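K.L.:
Next up is a structure, given as C-alpha coordinates.
The values are calculated or read from the model by the stated rules, or taken from the named source; none is laboratory data. Model, not experiment: these values are computed from the prediction. Backbone-built Cβ (ideal geometry, glycine too); neighbour counts: all protein chains shown.
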Amino acid sequence: MPKPTKKASSRKKKGIYAIHPGFEMVESVIANLKQKTGHSLKEWEKLLKEKGPRNNKNWSSWLKDRHKMGTNTARFVAERAAGIELKYEPDAYVEAMFAAPRQGLRPIYEEILNFSLKLGNDVTVTPCKTIVPLRRRFVFAQVKPVSNTKIELGLALGNTKAGGPVVSTGGLAKGDRITHKIPILTSQDFGTEARKWLERAYALCPPLD
(Lines give C-alpha, C1' and ligand atoms only; values in the text may rest on other atoms or scores of the structure.)
Protein backbone atom coordinates (compact mmCIF):
# COMPACT_ATOMS: atom_id res chain seq x y z
CA MET A 1 0.00 0.00 0.00
CA PRO A 2 1.30 3.53 -0.75
CA LYS A 3 2.59 5.39 2.29
CA PRO A 4 0.10 7.99 3.55
CA THR A 5 1.02 11.53 2.60
CA LYS A 6 2.08 13.80 5.45
CA LYS A 7 -0.13 16.68 4.41
CA ALA A 8 -3.78 16.27 5.31
CA SER A 9 -6.53 17.43 2.98
CA SER A 10 -7.31 21.14 3.16
CA ARG A 11 -10.79 20.68 1.71
CA LYS A 12 -13.68 21.65 3.95
CA LYS A 13 -15.34 18.67 5.58
CA LYS A 14 -18.98 17.84 6.28
CA GLY A 15 -18.49 14.95 8.69
CA ILE A 16 -16.66 12.11 6.95
CA TYR A 17 -17.25 13.76 3.58
CA ALA A 18 -15.57 16.77 1.99
CA ILE A 19 -17.48 19.51 0.21
CA HIS A 20 -17.65 18.91 -3.52
CA PRO A 21 -15.38 21.37 -5.39
CA GLY A 22 -18.34 22.70 -7.36
CA PHE A 23 -20.18 23.74 -4.20
CA GLU A 24 -16.98 24.99 -2.62
CA MET A 25 -16.44 27.27 -5.62
CA VAL A 26 -19.91 28.81 -5.20
CA GLU A 27 -19.24 29.47 -1.51
CA SER A 28 -15.91 31.11 -2.36
CA VAL A 29 -17.41 33.35 -5.05
CA ILE A 30 -20.21 34.53 -2.76
CA ALA A 31 -17.82 35.13 0.14
CA ASN A 32 -15.51 37.25 -2.03
CA LEU A 33 -18.15 39.30 -3.87
CA LYS A 34 -17.48 42.50 -1.95
CA GLN A 35 -13.76 42.32 -2.63
CA LYS A 36 -14.13 41.36 -6.29
CA THR A 37 -17.09 43.50 -7.34
CA GLY A 38 -17.38 46.24 -4.76
CA HIS A 39 -20.81 45.02 -3.61
CA SER A 40 -21.94 42.33 -1.21
CA LEU A 41 -24.53 39.70 -2.10
CA LYS A 42 -27.26 41.65 -0.28
CA GLU A 43 -26.34 44.79 -2.21
CA TRP A 44 -26.48 42.95 -5.54
CA GLU A 45 -29.83 41.41 -4.57
CA LYS A 46 -31.24 44.84 -3.80
CA LEU A 47 -29.95 46.25 -7.09
CA LEU A 48 -31.44 43.39 -9.08
CA LYS A 49 -34.85 43.73 -7.49
CA GLU A 50 -34.92 47.51 -7.84
CA LYS A 51 -33.30 48.05 -11.22
CA GLY A 52 -32.93 44.66 -12.87
CA PRO A 53 -35.28 43.03 -15.37
CA ARG A 54 -38.73 42.12 -14.10
CA ASN A 55 -38.21 38.50 -15.09
CA ASN A 56 -35.57 37.03 -12.80
CA LYS A 57 -34.61 34.59 -15.57
CA ASN A 58 -32.88 37.56 -17.22
CA TRP A 59 -30.96 38.65 -14.15
CA SER A 60 -27.82 36.71 -14.96
CA SER A 61 -27.58 38.21 -18.48
CA TRP A 62 -28.26 41.68 -17.08
CA LEU A 63 -25.44 41.36 -14.57
CA LYS A 64 -23.05 40.24 -17.31
CA ASP A 65 -24.10 42.86 -19.88
CA ARG A 66 -24.66 45.86 -17.62
CA HIS A 67 -22.10 45.21 -14.91
CA LYS A 68 -19.51 43.08 -16.77
CA MET A 69 -19.83 40.31 -14.22
CA GLY A 70 -18.30 36.92 -15.06
CA THR A 71 -20.65 34.18 -16.25
CA ASN A 72 -20.42 31.96 -13.16
CA THR A 73 -20.52 34.86 -10.71
CA ALA A 74 -23.57 36.34 -12.44
CA ARG A 75 -25.38 33.01 -12.33
CA PHE A 76 -24.59 32.45 -8.65
CA VAL A 77 -25.74 35.96 -7.69
CA ALA A 78 -28.90 35.74 -9.80
CA GLU A 79 -29.82 32.37 -8.31
CA ARG A 80 -29.31 33.55 -4.74
CA ALA A 81 -31.32 36.72 -5.42
CA ALA A 82 -34.13 34.56 -6.81
CA GLY A 83 -34.13 32.44 -3.66
CA ILE A 84 -32.37 29.49 -5.25
CA GLU A 85 -29.65 28.11 -2.99
CA LEU A 86 -28.46 24.61 -3.70
CA LYS A 87 -27.28 22.85 -0.57
CA TYR A 88 -24.65 20.16 -0.56
CA GLU A 89 -26.03 17.21 1.40
CA PRO A 90 -23.59 14.30 0.98
CA ASP A 91 -25.05 12.12 3.74
CA ALA A 92 -28.51 12.41 2.18
CA TYR A 93 -27.11 11.56 -1.26
CA VAL A 94 -25.49 8.39 0.08
CA GLU A 95 -28.60 7.38 2.03
CA ALA A 96 -30.72 7.77 -1.11
CA MET A 97 -28.17 6.01 -3.29
CA PHE A 98 -28.20 2.92 -1.10
CA ALA A 99 -31.83 2.93 -0.04
CA ALA A 100 -34.08 -0.07 -0.75
CA PRO A 101 -33.79 -2.07 -2.91
CA ARG A 102 -30.03 -1.33 -2.98
CA GLN A 103 -29.46 -1.47 0.77
CA GLY A 104 -27.56 -4.73 0.39
CA LEU A 105 -24.77 -2.83 -1.37
CA ARG A 106 -24.22 -0.43 1.52
CA PRO A 107 -21.78 -2.68 3.47
CA ILE A 108 -19.67 -3.11 0.33
CA TYR A 109 -19.65 0.65 -0.18
CA GLU A 110 -18.57 1.17 3.42
CA GLU A 111 -15.76 -1.36 2.98
CA ILE A 112 -14.48 0.43 -0.14
CA LEU A 113 -14.79 3.80 1.60
CA ASN A 114 -12.89 2.71 4.71
CA PHE A 115 -10.08 1.16 2.67
CA SER A 116 -9.81 4.24 0.45
CA LEU A 117 -9.52 6.65 3.37
CA LYS A 118 -6.54 4.65 4.66
CA LEU A 119 -4.63 5.09 1.39
CA GLY A 120 -3.47 8.54 2.50
CA ASN A 121 -4.68 11.47 4.56
CA ASP A 122 -5.12 13.56 1.42
CA VAL A 123 -8.00 11.35 0.28
CA THR A 124 -11.37 13.09 0.27
CA VAL A 125 -14.80 11.72 -0.54
CA THR A 126 -17.33 13.98 -2.27
CA PRO A 127 -20.65 12.21 -2.87
CA CYS A 128 -22.95 13.28 -5.69
CA LYS A 129 -26.49 12.05 -6.28
CA THR A 130 -25.53 8.97 -8.33
CA ILE A 131 -21.81 8.41 -7.68
CA VAL A 132 -19.28 8.79 -4.90
CA PRO A 133 -15.99 10.23 -6.23
CA LEU A 134 -12.76 9.57 -4.34
CA ARG A 135 -10.28 12.42 -4.73
CA ARG A 136 -6.67 13.23 -4.22
CA ARG A 137 -5.79 16.31 -6.27
CA PHE A 138 -8.15 14.87 -8.88
CA VAL A 139 -10.67 12.04 -8.86
CA PHE A 140 -8.77 8.75 -8.78
CA ALA A 141 -11.74 6.44 -8.31
CA GLN A 142 -15.49 6.42 -7.94
CA VAL A 143 -18.14 4.16 -6.47
CA LYS A 144 -21.31 3.79 -8.50
CA PRO A 145 -24.24 1.46 -7.81
CA VAL A 146 -25.38 0.47 -11.30
CA SER A 147 -28.11 -1.98 -10.30
CA ASN A 148 -29.73 -3.34 -7.17
CA THR A 149 -26.98 -5.94 -6.86
CA LYS A 150 -23.88 -4.43 -8.42
CA ILE A 151 -21.41 -1.63 -7.74
CA GLU A 152 -18.93 -0.45 -10.35
CA LEU A 153 -15.63 0.68 -8.88
CA GLY A 154 -14.33 3.16 -11.44
CA LEU A 155 -10.58 3.79 -11.60
CA ALA A 156 -8.43 6.52 -13.14
CA LEU A 157 -5.63 4.36 -14.52
CA GLY A 158 -4.80 6.30 -17.69
CA ASN A 159 -3.16 4.11 -20.31
CA THR A 160 -2.26 1.39 -17.80
CA LYS A 161 -2.73 -2.09 -19.21
CA ALA A 162 -5.01 -3.78 -16.75
CA GLY A 163 -6.21 -7.34 -16.48
CA GLY A 164 -8.00 -9.68 -14.16
CA PRO A 165 -11.24 -8.13 -12.91
CA VAL A 166 -10.38 -4.72 -14.41
CA VAL A 167 -12.01 -3.76 -17.70
CA SER A 168 -11.76 -0.63 -19.82
CA THR A 169 -14.58 1.91 -19.76
CA GLY A 170 -13.50 3.46 -23.06
CA GLY A 171 -12.86 6.61 -21.06
CA LEU A 172 -9.26 7.06 -22.17
CA ALA A 173 -10.27 7.70 -25.79
CA LYS A 174 -12.94 10.16 -24.64
CA GLY A 175 -10.64 12.04 -22.27
CA ASP A 176 -12.51 10.92 -19.15
CA ARG A 177 -10.78 10.64 -15.78
CA ILE A 178 -12.28 7.21 -15.15
CA THR A 179 -10.70 4.80 -17.64
CA HIS A 180 -11.30 1.40 -16.05
CA LYS A 181 -13.81 -0.31 -13.80
CA ILE A 182 -14.23 -3.37 -11.62
CA PRO A 183 -17.70 -4.93 -11.23
CA ILE A 184 -18.39 -5.73 -7.58
CA LEU A 185 -21.36 -7.86 -6.59
CA THR A 186 -20.17 -9.20 -3.24
CA SER A 187 -17.68 -8.26 -0.56
CA GLN A 188 -15.39 -10.98 -1.90
CA ASP A 189 -15.12 -9.08 -5.19
CA PHE A 190 -13.41 -6.27 -3.29
CA GLY A 191 -10.52 -8.50 -2.40
CA THR A 192 -6.76 -8.37 -2.85
CA GLU A 193 -6.83 -7.83 -6.60
CA ALA A 194 -9.41 -5.02 -6.54
CA ARG A 195 -7.61 -3.31 -3.65
CA LYS A 196 -4.32 -3.49 -5.53
CA TRP A 197 -5.84 -1.64 -8.48
CA LEU A 198 -7.42 0.96 -6.22
CA GLU A 199 -4.01 1.54 -4.63
CA ARG A 200 -2.56 1.89 -8.12
CA ALA A 201 -5.14 4.52 -9.08
CA TYR A 202 -4.34 6.46 -5.91
CA ALA A 203 -0.60 6.31 -6.60
CA LEU A 204 -1.06 7.55 -10.18
CA CYS A 205 -2.98 10.63 -9.05
CA PRO A 206 -0.92 13.70 -8.04
CA PRO A 207 -1.08 14.57 -4.33
CA LEU A 208 -3.21 17.43 -3.11
CA ASP A 209 -1.20 20.68 -2.92
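K.L.:
Please go through the stretch 33-57 and pick out each residue that is farther than 12 Å from V77 by Cα and either of a type in the set (G, A, S) or assigned to a loop (DSSP other than H, G, I, E, B) (or both).
P.N.:
If the condition is that a residue be farther than 12 Å from V77 by Cα and either of a type in the set (G, A, S) or assigned to a loop (DSSP other than H, G, I, E, B) (or both), then G38, G52, P53, R54, N55 are the ones that fit.
K.L.:
Can you tell me which residues in the stretch 176-209 are in a loop (DSSP other than H, G, I, E, B), more than 18 Å from I131 (Cβ to Cβ) and either without any contact (Cβ under 8 Å) to a residue 24 or more places away in the chain or β-branched (V, I, T) (or both)?
P.N.:
T186, G191
K.L.:
If the requirement is being free of Cβ contacts under 8 Å to residues at least 40 places away in the same chain and small (G, A, S), which of these qualifies: G158, G164?
P.N.:
Details: G158 fails: free of Cβ contacts under 8 Å to residues at least 40 places away in the same chain.
None of the others qualify; the one that does is G164.
Per-residue answers, yes or no, for (1) farther than 30 Å from K196 by Cβ; (2) at pLDDT 95 or above; (3) in a helix (DSSP H, G or I); (4) not assigned by TED's automatic domain parsing to the domain that holds A194:
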residue: M1; (1), (2), (3), (4): no, no, no, yes
residue: V94; (1), (2), (3), (4): no, yes, yes, no
residue: A99; (1), (2), (3), (4): yes, yes, no, no
residue: L105; (1), (2), (3), (4): no, yes, yes, no
residue: L113; (1), (2), (3), (4): no, yes, yes, no
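K.L.:
Still on this structure, please answer the following. Could you tell me how many of the residues in the stretch 124-161 are assigned to a loop (DSSP other than H, G, I, E, B) and under 17 Å from L172 (Cβ atoms)? Don't jump to the end; show me each part of the working.
P.N.:
Going residue by residue through the stretch 124-161, those that are assigned to a loop (DSSP other than H, G, I, E, B) are 126-131, 136-138, 146-150, 156-161.
If we keep only those that are under 17 Å from L172 (Cβ atoms) too, we end up with 138, 156-161.
Total satisfying the criteria: 7.
K.L.:
Right, here's the next one. Which of the residues belonging to the stretch 61-93 are crowded, with 20+ Cβ neighbours inside 10 Å, under 25 Å from the mean Cα position of the chain (by Cα) and free of Cβ contacts under 8 Å to residues at least 40 places away in the same chain?
P.N.:
A74, A78
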